[in-house]
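Engineer: Can you keep this structure in mind? I'll have questions shortly.
The values are calculated or read from the model by the stated rules, or taken from the named source; none is laboratory data. These numbers were taken from a predicted model, which means no experiment stands behind them. Cβ sites come from the backbone with ideal geometry, for glycine too, and all protein chains shown count toward neighbours. Areas reflect the complete protein model, heavy atoms only, side chains present, ligands, DNA and RNA absent. Shrake-Rupley method; radii C 1.70, N 1.55, O 1.52, S 1.80 Å.
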Amino acid sequence: MTPVRCPALLIALLALPTTAAAAEPVATAAALVAAVRDGAEGATIEVAAGTFELDAPLEPKTGMTLKGAGIDKTIITHAAGWKPPTKTLPDPEMTTKGMDTNAYLIRLKDKAAGVTISDLTLRGPQLHGAIFGWENKDLHLHHLRIKETQWTGVRTFGMKGAKIHDCEFVDAGGRWERGAPGVKGGITGGAIFAIWMADSEIHDNTFTRTRQAKEHEFYGVKVRQGKRCRVHHNTIEVNFSIEFPFENDEDVEIDHNVCTGTVSIPKHAGGPVPKSGRTFHLHHNWFKDSYAIEFVRNGVEIDHNLFDFDPAKDHGNLVSGFGSAAAKGPASFHNNLVSNPGRGVIWVNEVFDNLVVRNNHVVARTTATPRKEGLFGFNPKCDFKTITIRDNVIECVGTPRPLLRAKESYGAVVENNALTNVADADKFENKKTDKPAGLEAPLKFECGARGEFTVDGWKAGPTAK
């Protein structure tokens with residue numbers, strides 16, 4: 001009897017390993033809750049298009065991926081009956097004691113690493129926030145719309161190695177005072193509010209506020225201590241764009257953002273300077289409000305930015321410091337374009353030493369007020385031998401402006417500046433050198449989420465497609 005032989009192709013097919021069919025996307029709120037609760041670490045949970053109403057937070061485990069069908073296709077929100085009290089708002093910021101960490105649509109398991117959440121809309125008008133996490137490494141949030149939350153969008157403690165990108169934060173926070181909306185006072189939350197953030201990247205996000213009542217104020221990125229982090233290519237259209245007012249910040253890079261509000265980086269006495277020598281590096285941003293940077297901070301470099309202010313909105317100094325404790329510096333401000341500095345370019349109430357202002361181009365047009373004070377205001381007790389203003393182009397168009405406010409400031413090193421219509425030019429030497437004044441190279445860069453705007457010298461607008 002002749003044996004029957006299998007064709008070679010059939011043998012190859014039989015040898016292939018068998019795999020389970022991919023799970024269908026979950027299509028109901030109950031199925032979503034069960035999938036997250038019962039799923040194994042590392043599981044991928046796909047969520048179908050539709051609206052999913054929860055009555056308690058989802059709690060993803062280590063390695064889990066929660067992926068929707070797309071922004072505004074998959075919407076996760078709360079059921080009408082889930083309405084946590086607001087008595088704990090504003091939350092205590094630096095501790096979870098007294099904080100309701102379950103008043104969020106998603107509460108990551110404590111210390112769960114490698115969680116990914118994407119392609120969803122998270123909406124929480126009755127909840128404190130959208131996502132809460134405690135010591136979660138390698139968190140990855142992308143392509144999310146976080147909308148209409150009471151206090152914050154993403155609220156984390158001890159976040160390391162995170163990536164938050166291509167997200168939209170719309171009305172993602174609020175202002176609260178003792179459990180009530182902060183109509184007359186209180187503390188403001190942030191769309192991203194992180195405590196002890198390290199080695200993380202926040203980029204290509206948009207932050208938008210449509211509700212203009214005071215209780216609906218919120219910050220874009222609000223951080224209490226950042227180390228080796230980068231915040232870049234974001235469009236932040238809220239009243240305070242970025243806030244880092246804590247100690248021991250180091251190597252935080254803030255670049256290529258569009259900021260319609262303030263970047264706040266002050267610390268008592270300027271704070272310590274890390275071994276790297278740098279706390280913050282602010283570069284290649286488009287700033288649009290005359291109250292642009294809150295100071296003071298030691299170890300800062302501010303360069304290659306466009307400060308582009310409306311002369312009718314001259315309510316702030318470009319760099320402002322309101323403290324009273326002396327700061328030793330250093331700081332440098334160079335290769336910036338400043339169009340209409342408002343009240344002034346730099347005003348610092350406290351003593352601040354070791355400051356270099358060089359190779360900037362400043363055009364100060366007549367303001368609505370109009371402002372007539374000096375462009376630079378320093379505490380008379382500064383060590384002016386350590387303050388240098390050199391190689392700048394400074395033009396006052398219309399109303400003359402002094403360069404300096406306090407007479408003691410004439411002890412600073414002022415040299416090789418090209419000055420036009422500067423009222424006190426006869427009060428300092430301004431020795432000429434062979435170095436060129438103004439920017440060392442033309443200023444051109446893309447900024448905002450996905451490079452949606454281009455700065456080309458003094459001009460800024462949508463990037464040509």
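Engineer: Report, to the nearest whole %, how much of the accessible area of the chain belongs to carbon and sulfur atoms, 1.4 Å probe, protein only.
Structural biologist: Values: 10460 of 19650 Å².
On the chain, the fraction of accessible area on carbon and sulfur atoms equals 53 percent.
Engineer: Run through the stretch 332-441 and list the trypsin sites (Lys or Arg not before Pro) located in a DSSP loop whose Cβ has at most 13 other Cβ atoms within 10 Å.
Structural biologist: Of the trypsin sites (Lys or Arg not before Pro), the ones in loops of the stretch 332-441 whose Cβ has at most 13 other Cβ atoms within 10 Å are LYS372, LYS381, LYS432.
Engineer: Got a sec to turn the phi values of the stretch 367-372 into Karplus ³J(HN,Hα) couplings, 6.51 cos²θ - 1.76 cosθ + 1.60 with θ = phi - 60°, whole Hz, x for Gly and Pro?
Structural biologist: Values, residue by residue: 8, 4, 5, x, 7, 10 Hz.
Engineer: Hey, can you find the accessible area per residue of the chain for me, probe 1.4 Å, expressed in square angstrom?
Structural biologist: Ligands and nucleic acids excluded, the result is 42 Å² per residue.
Engineer: Of the labelled options (1) 28; (2) 37; (3) 40, which one gives percent of Cα pairs over 36 Å apart as computed for this structure?
Structural biologist: Checked against the structure: label (2).
Engineer: Return the percentage of antiparallel bridges among DSSP beta bridges fully within the stretch 112-260, rounded to the nearest 5 %.
Structural biologist: So the antiparallel bridges amount to about 5 percent of the total.
Engineer: If you plug each phi of the stretch 253-259 into the Karplus form 6.51 cos²θ - 1.76 cosθ + 1.60 with θ = phi - 60°, what whole-Hz ³J(HN,Hα) values come out, in order, with x for Gly and Pro?
Structural biologist: 10, 10, 8, 6, 9, 9, 10
Engineer: Of the options ILE236, PHE453, VAL33, report the single residue whose Cα projects farthest towards the positive end of the charge dipole of the chain (beta-carbon charges: Lys, Arg +1; Asp, Glu -1).
Structural biologist: ILE236
Engineer: If you don't mind, there's one more thing I want to ask. Helix-only estimate, please: 222 nm mean residue ellipticity of the chain, summing -39500 (n - 2.57) across DSSP H runs of length 4 or more and dividing by its residues, to the nearest 500. Spell out each step's value before the answer.
Structural biologist: Values: 2 runs with 18 residues, N = 465.
It lands at -1000 deg cm²/dmol.
Engineer: Considering the dipole of the chain built from charges on the beta carbon (Lys and Arg +1, Asp and Glu -1) around the Cα centre, which of PHE52, PHE157, PHE295 is farthest to its positive end?
Structural biologist: PHE295
Engineer: Among the listed pairs LYS222/LYS372; LYS147/LYS214; LYS163/LYS444; LYS227/LYS385, give every one whose C-alpha distance is greater than 25 Å.
Structural biologist: LYS222/LYS372; LYS163/LYS444; LYS227/LYS385
Engineer: Principal axes first, then extents: for the Cα atoms of the stretch 334-438, list largest minus smallest coordinate on each axis, whole Å, largest first.
Structural biologist: 34, 33, 25
Engineer: Right, next: Hey, if you put +1 on the Cβ of every Lys and Arg and -1 on every Asp and Glu Cβ in the chain, which of GLY321, ASN379, VAL397 ends up farthest toward the positive end of that dipole?
Structural biologist: ASN379
Engineer: Classify the stretch 179-326: rounded, prolate or oblate, from the alpha-carbon gyration tensor (a ≥ b ≥ c, eigenvalue square roots; a/c under 1.5 rounded; otherwise prolate if a/b is larger than b/c)? If you can, show how the numbers build up before the last one.
Structural biologist: Working: a/c = 1.35, a/b = 1.27, b/c = 1.07.
Rounded.
Engineer: What does the highest-first list of 442-455, 215-228 look like by mean Cβ count within 10 Å?
Structural biologist: So the order, starting with the most tightly packed, is 215-228, 442-455.
Engineer: By DSSP, what percent of the beta bridges with both residues in the stretch 409-465 are antiparallel, rounded to the nearest 5?
Structural biologist: That works out to approximately 90 percent antiparallel.
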